[in-house]
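Notes follow the structure.
Computed from the coordinates by the stated procedures, all read-outs in this text should not be read as laboratory data. The shown structure was predicted, so the numbers you read here are calculated from the model rather than taken from an experiment.
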């Protein structure tokens, strides 16, 4: 850092150096090269005082001489003005760059090398090596750990998450080493992690490496395995928020200064392409329709095509979008019944045999945390269709629901547009015959999806 930076933006709380006039004057070509800073809020440096009050920053620009090394020192936290001075000969930096030293208020590890209670961000984090790897899963610099009396160890190599083995990546984002798991747990996790695939933008840049799985199948007894599988959105290579039903890493950007909320930086086209690819892979993990249906819900929610995965129950059992698109017998209408209504009828009167062209759907599934926010920046963006319900009031159907995916597949079967089918259909949920059980005909409220005339 230059002296103006050391005395200016670094110490000016809430003022970011990146993109400032000072940065442009000192590094005029940086923005032209497509540089994007992680810092946004101008407060990152001050986080060091969460760890200790005595902080020393030593810095030298690459173009400066050894004797131009500067020291910024805080002796008593923020209660006393810091001192900027020239470095002594022993403090000269042999290479350009910056080092920050913090004298901790309390130790991170105990005398046995185990993490102190306040630093165990997960119940299974045992030591400083695990904590660093867990905290910095996709960092773009090398991280070394040099503990007193030990040989320095490289914990993370710059951007190694893009090419590391599934087991290595899983061990990093999980809460303990893969080797310490039981054989049955290893096999279970390894099977899922084989589906890790990169998410690339239009320029081919890797902005994630992840796979989809069914989080709901793990019981409380498998809590360790569930924690191990959960993916993460990282900001500047550092852990931000955890993901359920998606294992791996998605690069993101923070949406508030605490960095505990983030949005993926991947565009919705690339996200949908990756999700569609996952639809072809999850069958290598699961052989039961219930688990595959849960994966279908998430894949559709991310804009993907569920393809051959089950998305509804019909007369002859589970059906997929691909099957609907290729029905040989083309219906004039199809009844859509909520699984909640269907299951209630079955619980009261026993198994129901469905009529032809009646489909039971379930749109309730896991929603990624970044989609739970009411934000215009959601990926993929919210897309709703207005229809008139049985009470005469407007209802809204999400494009990313399995229900609309079925209607879209019917539109393709009928060689027409989704909007035309929605306009022709009846969403007033009147009672319609959907099938029968052993004793009677079953009539329930259903949506009527009609072929436009």
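The table below lists the values:
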read-out	value
Between 0 and 90°, nearest 10: helix 339-349 axis offset from the chain longest Cα axis	50
Rg to Rh quotient for the range 233-366, alpha carbon positions, Kirkwood Rh	1.08
Helix-derived mean residue ellipticity, 222 nm - over the chain, DSSP H n ≥ 4, -39500 (n - 2.57), to 500	-6500 deg cm²/dmol
Rg(Cα) / (2.2 N^0.38 Å) computed for the chain, rounded to two decimals	1.24
Diffusion coefficient, µm² s⁻¹, Stokes-Einstein with Kirkwood Rh over alpha-carbon pairs of the range 385-452 at 20 °C and 1.002 mPa s	165
On Cα atoms only, tilt of 183-193 relative to the major axis of the chain in degrees	80
On Cα atoms only, tilt of 289-301 relative to the major axis of the chain in degrees	60
